[in-house]
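This report refers to the structure that appears directly beneath it.
The values are calculated or read from the model by the stated rules, or taken from the named source; none is laboratory data. Keep in mind the model is a prediction, meaning the values are calculated, not measured. Cβ: placed from backbone, ideal geometry, glycine included. Neighbour counts: every protein chain shown.
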Amino acid sequence: MNPLKKIFDENERHFAASGKFEKLSPLFDAIKTVFFHPSPKTVVMPFIRDHLDLKRYMTFVLIALMPVLFFGMYNTGFQSGLAAGKTFGMGKSFLVGAGYVLPILLVSYGVGLFWEILFASVRKHKISEGFLVTGMLFPLTLPATIPLWQVALGISFGVVIGKEVFGGTGRNILNPALTARAFVFFSYPVTLSGNVWVAAKDAVDGFSGATALAITGIEGESITRVLSSSGFSLSDLFLGFVPGSIGETSALCCLLGALFLMVTGIANYRIILGGIAGLAVTAILFYLIPGGQESWANAGPLYHLCAGGFLFGICFMATDPVSAPGTHTGRWAFGFLIGFLTVTIRVVNPAFVEGTMLAILFMNVFAPLLDHLVIKYKTSKRIPNV
Amino acid sequence: MEKIKISKGFTPRLAGMPDTSFIKAPTPRIVGLSAMDIPYIRPKLLVKENDPVLTGTPLFCDKRDTSIQYVSPGTGRVEKIWFGNRRRLQEVVIALDTPETFIQFDPVPKSDLKNISKQDLILRLKQGGLWQSLRQFPAKDTADSSHTPAMIIISLNGNDFFSPHPGILMNREKEAFEFGLDLLKRFSHRIIVTARQSSLDLLGPVKAHITHQVPDTYPAWDPGVVLFHLKKSSEENTAWSITADHLVMMGKFLLTGQYPIEKMVTITKKGEKKPHLLARQGAPIKTLVGSFHSNDMITTGQFNGRIADLESHLGFFENTLNIIDTPGEEEVFGFIRPGIDKTSVSRAFLSSFSKGPKQVDCTLHGEERACINCSYCENICPNGLMPNFIMKALHSDEIETALEYGLLDCCRCGLCSYTCPSKIELTKILSDGMDSYYKDKA
């Protein structure tokens with residue numbers, strides 16, 4: 001027998017009912033099932049089952065997030081070097097960035113896991129794998145400069161109010177990671193807006209840590225020209241060598257992850273494609289409206305797509321199946337409207353330079369309504385059978 | 001011959017397809033009449049232990065309609081009557097005696113079929129223990145003989161992917177099958193005969209009777225799926241269905257006046273290509289399956305059968321036995337293995353690149369979790385249902401909503417449970433919901 005299996009088997013009694021660590025049994029189970037994949041015998045038909053389970057499902061989202069995470073670490077270090085007036089090499093950028101990102105990630109996972117275990121233990125159910133994704137997504141939406149206590153507070157709010165009060169994974173209406181971010185965004189606006197996007201201990205004078213979306217053109221000059229002269233060329237925005245949240249800067253990495261998720265069938269391609277279509281159509285419409293040359297209204301679809309957190313949001317946040325609609329037509333509409341709202345908020349609402357988070361949360365609330373309409377239409381097409 | 005197009009459903013690449021030859025199974029010492037595979041029945045015993053019985057003697061009937069009788073598949077003595085929990089009748093076991101003596105009914109010559117009244121035909125079929133092979137939608141209960149169905153669907157292929165090839169039976173029983181078709185025309189104006197695309201080439205003379213060809217995608221040949229794709233109005237919801245082997249039995253019974261005791265069955269196992277078996281009705285499962293690992297599971301349909309106990313007998317509605325492996329130990333890091341030979345609807349395993357048969361076993365491959373709304377069940381349901389939403393409606397006791405979503409169109413093929421990554425027993429939940437509604441209504 002596998003020696004590791006033996007250790008688990010010997011210690012199982014401590015975590016069983018009336019054992020010493022009975023309360024920690026969800027944690028024990030979670031660790032054990034990572035090593036030894038549980039596969040109980042089927043008792044009702046069908047007797048053979050698909051190999052895909054939620055563990056693999058959620059792990060695949062984590063795999064898709066790896067390019068974003070590693071690039072995020074690298075870019076955090078790279079930007080920090082730029083701010084200090086130096087150009088760091090590949091290795092140094094990565095190490096410096098990891099120094100900023102890893103603590104945030106660990107706090108997010110650690111505090112989030114505490115709440116998960118607490119609720120799993122009180123409710124006597126197993127720890128759902130969905131948390132692995134929430135705990136990773138939340139840090140990636142934050143600037144590297146965020147104080148760790150705010151990370152802890154944010155993830156607590158996201159897990160408890162965003163998910164557990166509704167009954168846990170599968171029953172939440174809002175995406176927990178975005179709920180956490182919205183909480184931090186509105187409670188501590190100073191840490192999530194303005195020149196906070198570059199982590200640097202000794203920035204040179206005149207360095208601005210603002211994101212591309214905060215840029216507005218000078219009277220008479222087009223936004224795209226101003227953007228490229230401020231270091232936000234389209235290729236930089238696409239590749240991600242710009243200031244921003246840890247995970248959002250690289251459009252390329254987000255697209256790689258999205259491609260992986262769509263090909264494997266884990267994320268629903270309808271949301272992603274619908275979202276990109278919605279963003280493109282809306283951006284073109286604003287572009288065609290005369291005037292507003294110096295504002296983001298005139299930036300065109302490509303800039304809107306690559307700047308800010310839209311791709312990160314639509315690829316990883318909006319595709320959360322729980323808070324998205326459960327019907328295919330609903331998903332197209334959901335994605336499209338997120339794209340539409342993102343551009344609209346960016347262009348029309350001066351209070352928020354970035355609209356993705358609010359667009360997704362807003363559409364999360366409307367997801368059941370979209371489902372309701374689609375199902376109503378679909379059932380009206382059925383031949384009644386009662 | 002029309003083609004029915006079915007866009008959903010799933011065909012796993014399974015190993016163990018039986019060979020299209022057949023051999024005769026040896027005569028067993030005992031046979032049994034199972035009550036476990038009969039939907040909705042409330043059995044009322046008509047015999048006691050040690051009673052002598054003939055082939056065709058009624059052993060139990062249905063309390064809901066005592067004229068529906070289930071008859072002995074052999075001549076001998078009632079050896080044992082098995083009861084399950086709450087004294088639910090499970091099986092009546094008959095120790096066989098020679099010579100085989102049949103309860104003899106008047107045969108109906110081919111030319112006379114037209115002259116016999118419909119009522120008389122119904123009565124004969126009920127007495128012969130064969131009326132119950134006609135099933136009525138939506139719940140697939142025994143057909144109501146006072147009802148005139150809009151159509152009768154005859155499926156040449158059985159419930160499972162590995163059910164007997166209809167060509168083998170049809171080449172032996174063409175006459176009985178055609179007689180059966182003529183008989184059904186007395187009950188309905190519209191007779192639908194369906195066959196899987198892959199079964200067509202061996203069908204021979206019977207091929208001319210096929211009205212609809214269905215693709216080889218599971219469960220395209222299920223009468224429930226055929227009905228869903230053919231129906232145009234809600235009157236057709238109460239159509240009837242019958243399997244080809246039962247229709248042959250009906251034909252033979254009327255032609256000879258004796259209860260037919262033969263049955264073509266398949267025994268399937270991974271990596272084996274066994275011939276079909278010409279066995280007896282109610283043959284003991286132990287003698288049919290042969291060598292067997294005690295850990296493995298025997299089912300009467302991998303997707304929509306029941307778990308068959310080794311000591312039990314093949315039921316009236318069953319004609320395939322699938323031996324499914326049980327894996328040894330839990331897989332180390334199972335959730336992240338590349339999975340070169342793992343079956344999956346998703347493309348989350350490397351197996352989606354390979355064409356060969358895939359690994360199948362009788363475990364869940366994970367643990368139950370809450371529904372995450374991933375729509376895998378909707379993507380696979382052959383009848384266009386949204387099992388996840390129906391499940392939620394049923395959980396909140398919104399039976400009207402569930403019906404509106406099409407609950408009664410469910411054909412219980414098992415694919416929603418098969419594919420669910422949260423391992424929710426969707427088929428069971430839907431099926432139970434349908435049963436409780438149907439029983440309530442009756």
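Numbers at a glance
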| quantity | calculated |
| --- | --- |
| Failed item, numbered, when residue B:353 is tested on (1) aromatic (Phe, Trp, Tyr); (2) more than 20 Å from residue A:54 (Cβ to Cβ); (3) assigned by TED's automatic domain parsing to the domain that holds residue B:407 | (3) |
| Residue in the range B:319-338 that is hydrophobic (A, V, I, L, M, F, W, C), within 30 Å of residue B:308 (Cβ to Cβ) and more than 10 Å from chain A (Cβ to nearest Cβ) present | yes |
| Residue within the range A:81-95 that is crowded, with 23+ Cβ neighbours inside 10 Å, polar (S, T, N, Q) and assigned by TED's automatic domain parsing to the domain that holds residue A:151 present | no |
| Close pairs (6 angstrom Cβ cut-off, 6 or more residues apart or separate chains): assigned by TED's automatic domain parsing to the domain that holds residue A:293 in the range A:339-363, outside any helix (DSSP H, G or I) and at pLDDT below 90 anywhere | A:342/A:355; A:345/A:352; A:345/A:355; A:346/A:355; A:354/A:308; A:356/A:309 |
| Residue check, residue B:222 closer than 19 Å to residue B:138 by Cα, among the charged types (D, E, K, R) and in contact with a Pro (Cβ under 8 Å, 6 or more places away or on another chain) | yes |
| Positions within the range B:1-18 being away from chain A (no Cβ under 14 Å) and either among the aromatic types (Phe, Trp, Tyr) or loosely packed, with under 14 Cβ neighbours inside 10 Å (or both), in sequence order | B:1, B:2, B:3, B:5 |
| Which numbered condition residue A:301 misses (of (1) farther than 23 Å from residue A:190 by Cα; (2) surrounded by fewer than 21 Cβ atoms within 10 Å (Cβ to Cβ); (3) more than 23 Å from the chain's Cα centre (by Cα)) | (3) |
| For residue A:158: the one exception among (1) within 14 Å of chain B (Cβ to nearest Cβ); (2) modelled with pLDDT of 90 or more | (1) |
| So residue A:195, is it in contact with a helix residue (DSSP H, G or I) (Cβ under 6 Å, 6 or more places away or on another chain), of a type outside the set (A, V, I, L, M, F, W, C) and at pLDDT below 85 | no |
| Residue in the range B:1-34 that is nearest to residue B:79 (Cα to Cα), counting only those that are in contact with a Phe, Trp or Tyr (Cβ under 7 Å, 6 or more places away or on another chain) and part of a loop (DSSP other than H, G, I, E, B) | B:18 |
| The range B:348-373 residues that are within 7 Å of chain A (Cβ to nearest Cβ) and part of a strand (DSSP E or B), paired with ones that are surrounded by 22 or more Cβ atoms within 10 Å (Cβ to Cβ) and of a type in the set (Ser, Thr, Tyr) (beta carbon under 8 Å, 6 or more apart) | B:363/A:39; B:363/A:42 |
| Close pairs from the range B:142-162: first assigned by TED's automatic domain parsing to the domain that holds residue B:248, partner basic (Lys, Arg) and in a strand (DSSP E or B), Cβ under 6 Å, at least 6 apart | B:157/B:196 |
| Residues located in the range A:28-75, provided they are basic (Lys, Arg) and either more than 7 Å from chain B (Cβ to nearest Cβ) or in contact with a Pro (Cβ under 7 Å, 6 or more places away or on another chain) (or both) | A:32 |
| Sole exception among (1) at pLDDT below 90; (2) within 14 Å of another protein chain (Cβ to nearest Cβ) for residue B:239, by number | (1) |
| Test result for residue B:401, more than 23 Å from the chain's Cα centre (by Cα), β-branched (Val, Ile, Thr) and surrounded by fewer than 24 Cβ atoms within 10 Å (Cβ to Cβ) | yes |
| Restricting the range B:298-309 to residues that are surrounded by fewer than 20 Cβ atoms within 10 Å (Cβ to Cβ) and in contact (Cβ under 8 Å) with a residue 12 or more places away in the chain, the residue that is nearest to residue B:219 (Cα to Cα) | B:306 |
| Check on residue B:336, touching a helix residue (DSSP H, G or I) at 6+ places or on another chain (Cβ under 8 Å), modelled with pLDDT under 90 and either over 27 Å from residue A:166 (Cα atoms) or charged (D, E, K, R) (or both) | yes |
| Hits in the range B:389-434 - residues which are in contact with a Pro (Cβ under 9 Å, 6 or more places away or on another chain), touching a residue at least 60 places away in the same chain (Cβ under 8 Å) and outside any helix (DSSP H, G or I) | B:410, B:411, B:413, B:414 |
| Residue count for the range A:262-273, restricted to those that are at pLDDT 90 or above and surrounded by fewer than 23 Cβ atoms within 10 Å (Cβ to Cβ) | 5 |
| Meets criteria (out of contact with any Asp or Glu (no Cβ under 9 Å at 6 or more places or on another chain), surrounded by 20 or more Cβ atoms within 10 Å (Cβ to Cβ) and either within 27 Å of residue B:139 (Cβ to Cβ) or among the hydrophobic types (A, V, I, L, M, F, W, C) (or both)) for residue B:265 | no |
| Listing of helices (runs of 4 or more DSSP H) fully contained in the range A:1-105 that carry 3 or more residues being more than 29 Å from the chain's Cα centre (by Cα) | A:3-15 |
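This table checks each residue for (1) aliphatic (A, V, I, L, M); (2) on the phi > 0 side of the Ramachandran plot; (3) surrounded by 16 or more Cβ atoms within 10 Å (Cβ to Cβ).
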residue	(1), (2), (3)
B:73	no, no, yes
B:100	no, no, no
B:119	no, no, no
B:150	yes, no, yes
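A quick yes/no check of all residues on (1) among the small types (Gly, Ala, Ser); (2) in contact with a Cys (Cβ under 8 Å, 6 or more places away or on another chain):
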site: B:255; (1), (2): no, no
site: B:262; (1), (2): no, no
site: B:268; (1), (2): no, no
site: B:296; (1), (2): no, yes
site: B:301; (1), (2): yes, no
site: B:304; (1), (2): no, yes
site: B:313; (1), (2): no, no
site: B:322; (1), (2): no, no
site: B:331; (1), (2): no, no
